[in-house]
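The block underneath contains the structure these notes are about, expressed in structure tokens.
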Amino acid sequence: MKQLIKEKIKGDPIIWGIAFIFSHLSILAVYSASSSLAYRQMHNTEYYLIRQALLIGGGLVAMWLSHRIDYRYYAAIAKVALWVSIPLLLVTWQYGLKLNEASRWLNIPFINKSFQPSDLAQLSLIIRIAHMLAKQQKNITCFTSACLPMLIWSGLISGLIALTNFSCAILLFATCLTLMFIGRIPIKYLLIILLTGILVAGGALIWGQRGGTALKRIEGFIKGNVSFQAEQSYIAIATGGLLGKGPGNSTQRNFLPHPYSDFIYAILIEEYGLIGGIFVIVLYLLLLYRSIALLPTTSSYYGGILAIGISLLIVFQALLNMSIAVGLGPVTGLPLPFVSMGGTSVLFTGIALGILLSIGQGVIDTELIHLQKELAGIRYNRYKKNSRDR
């Protein structure tokens, strides 16, 4: 049995452990936060428990499948996925399923399930930016060949997402900008990219579906106004104390809007206390640390920069979600990665974690080594000594 596990489950055991801990936390927290809603809607308190368990199981399967694929293949997959994402995001903007005045989902025919194209676009863009950074390291100071394509892709995808989900777009653009800084893009070019992003954001506020709402929330936060969601979140956190009320004993789940998604961190603190809340933060930071630690060990610069980009996307979103729950930012609709109730969010977070595990394994497909490195889009890692690619 141990031999079978070693053969089928590879990669960083700590990342695997973090994923399994988040899986258990998600099922417990979502069940607690949604049981009242499930009873009112379905007359069955276990409805969302079963649903979330299946979704988490699907995320873990996606994680396992993606970790078996050589990470270098994801560059070509992401390029195709980005081109597919453009029409999907446009169709979603005009004809998607609406919730809270924003159309962020597309209904999949025949199976009658919703799909959020922005999750596909986010992961694909990070992979694409990491690949371009790796290929252009020798010409990284050339604006036309190195910086302009990244500016176009990051601005286009972030802008399309901003039409329906402004906070998600800002987070994605900030992640891309951070990744470019790590990838040695000159500061003067980063300022140009940032200015472009500000202009795109302004356009999204004008033509987007949630521009007015975003501006009201930002203005309210600056003035110190506390929304109903934020107030109920503060009550949940304050009553949690040091050790919490215990699993399933939340009371604010009956008053807090969307306690199973946007504000699940408040429910976690209410039930598991300050210690539980700190533990969740430590898990995300540990994931970031393990991903950054891959940079000097991977056989290619692409693998290292990709690991950093994926982990930044996950951890930035987690920190933003938790910051909003404790009052450090205006209310948004971002879920807590791999913990909040969700469908495509859980699936693509699982795929992202699987890619991290694939990077940690190094070379999986040995035949790819024999291809020319320019065609494969791979550059030697200057931190790696005695690499098998040399």
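The values are calculated or read from the model by the stated rules, or taken from the named source; none is laboratory data. In this text the structure is predicted, and so the values were computed from the model without any measurement. In this analysis, Cβ positions are derived from the backbone assuming ideal geometry, glycine residues included, and neighbour counts consider all displayed protein chains.
Taking the conditions exactly as written (modelled with pLDDT under 90 and either under 25 Å from the mean Cα position of the chain (by Cα) or hydrophobic (A, V, I, L, M, F, W, C) (or both)), does residue 218 satisfy them or not?
Against the criterion (modelled with pLDDT under 90 and either under 25 Å from the mean Cα position of the chain (by Cα) or hydrophobic (A, V, I, L, M, F, W, C) (or both)), residue 218 qualifies.
Are there any pairs, at least 6 apart or on different chains, whose C-beta atoms fall under 6 Å, with the first in the range 331-351 and in contact (Cβ under 8 Å) with a residue 12 or more places away in the chain and within 30 Å of residue 224 (Cα to Cα) and the second small (Gly, Ala, Ser) and in a loop (DSSP other than H, G, I, E, B), and if so, which?
331/227; 335/261; 335/342; 340/261; 341/261
Report yes if some residue within the range 331-339 is in contact with a Phe, Trp or Tyr (Cβ under 9 Å, 6 or more places away or on another chain), over 16 Å from residue 116 (Cβ atoms) and either among the hydroxyl-bearing types (Ser, Thr, Tyr) or modelled with pLDDT under 90 (or both); otherwise report no. Can you show your working first?
Here is the first cut: in the range 331-339, the residues in contact with a Phe, Trp or Tyr (Cβ under 9 Å, 6 or more places away or on another chain) are 331-332, 336-339.
Checking the rest, the ones that are also over 16 Å from residue 116 (Cβ atoms) come to 331, 339.
Checking the rest, the ones that are also either among the hydroxyl-bearing types (Ser, Thr, Tyr) or modelled with pLDDT under 90 (or both) come to 331.
Yes, the range 331-339 contains at least one residue that is in contact with a Phe, Trp or Tyr (Cβ under 9 Å, 6 or more places away or on another chain), over 16 Å from residue 116 (Cβ atoms) and either among the hydroxyl-bearing types (Ser, Thr, Tyr) or modelled with pLDDT under 90 (or both).
Working carefully through the options 291, 261, find the one that is modelled with pLDDT under 90, assigned by TED's automatic domain parsing to the domain that holds residue 23 and on the phi < 0 side of the Ramachandran plot.
Testing whether each residue is modelled with pLDDT under 90, assigned by TED's automatic domain parsing to the domain that holds residue 23 and on the phi < 0 side of the Ramachandran plot leaves just 261.
Specify the residue that is modelled with the highest pLDDT; the eligible residues are those in the range 86-106 that are loosely packed, with under 13 Cβ neighbours inside 10 Å and of a type in the set (S, T, N, Q). Steps first, please.
First pass over the range 86-106, keeping only residues loosely packed, with under 13 Cβ neighbours inside 10 Å: 87, 94-95, 98-101.
Then drop every residue that is not of a type in the set (S, T, N, Q), which leaves 94, 100.
Values: 94: 82, 100: 63.
Among them, the one singled out is 94.
So which residues in the range 232-257 are within 18 Å of residue 334 (Cα to Cα) and either without any contact (Cβ under 8 Å) to a residue 12 or more places away in the chain or of a type in the set (Phe, Trp, Tyr) (or both)?
234 - this is the single residue of the range 232-257 that is within 18 Å of residue 334 (Cα to Cα) and either without any contact (Cβ under 8 Å) to a residue 12 or more places away in the chain or of a type in the set (Phe, Trp, Tyr) (or both).
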